[in-house]
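Participant: What follows is a single structure, and I will ask about it in a moment.
Please treat every number below as a calculation from the coordinates, not as lab data. As the structure is a prediction and not an experimental result, all values here were calculated from the model. Note: ideal-geometry Cβ built from the backbone for every residue, glycine included; neighbour counts use all protein chains shown.
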Amino acid sequence: MKKILLSLAALALAATMNAQVWIGGEVGFTTNHTNGSDHTAMELTIAPDIGYSLSGNFSVAVALSYGHTSNGDGSKYGMPDMTFSNVNSYSIMPYTCYTFAKAGNFAFFVISGLKYSIAHAQGFENNFNKFGVFVIPAIAFSVSDKVTLASHIGDGLYYNHTWMKDVARSNEFGFNLFHGISFGAYYFF
């Protein structure tokens, strides 16, 4: 039994010898104007995260995010006929990153994970809740050995289940590369 435990400990140590901790975050901005309407929605998202590189191609991470939407419609929350003047949302997002190609200082990767969000819309007593899974394409540029700039493209491939107590429930599946873009910077220790 001791040999098995020592072997497992040695394997775990060997697997993490090349590991590297990184911190960073993203800022995202989206605007949407509906034709024939004087309605323009704007959304700002700030998402700091921390990750652990297990190898040159694979990382695990978690992000916490805050988002603010002004003049948004309810389609994001399963109620497309409603308009909200202000919505504040908070999310936690555990995810993995897999780098599938590198070219010089550029790296192309996909992010996949889970996301839970809670949002409060001004004028509503109950909060919106959202649980989702996602796969998002991304690109990174290594400025140095310690600093990398990255961009995530749209929403990627996703499924979301949204609900609000006693009001609405929706399921959404989609593929969207054109719903905004976010930029981030990451520091590797």
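Participant: Given region 122-164, what whole percent of its Cα pairs are spread farther than 16 Å? Intermediate results must be reported in sequence, preceding the final value.
Facilitator: Values: 558 of 903 pairs.
Value for region 122-164: 62 percent of Cα pairs lie more than 16 Å apart.
Participant: What does the charge count near Y186 come to, summing +1 for each Lys or Arg and -1 for each Asp or Glu among other residues with Cβ under 11 Å from its Cβ?
Facilitator: With Lys, Arg at +1 and Asp, Glu at -1, the neighbours total -1.
Participant: Return, for the Cα atoms of region 84-134, the radius of gyration and Dmax in Å, separated by a comma.
Facilitator: 16.5, 52
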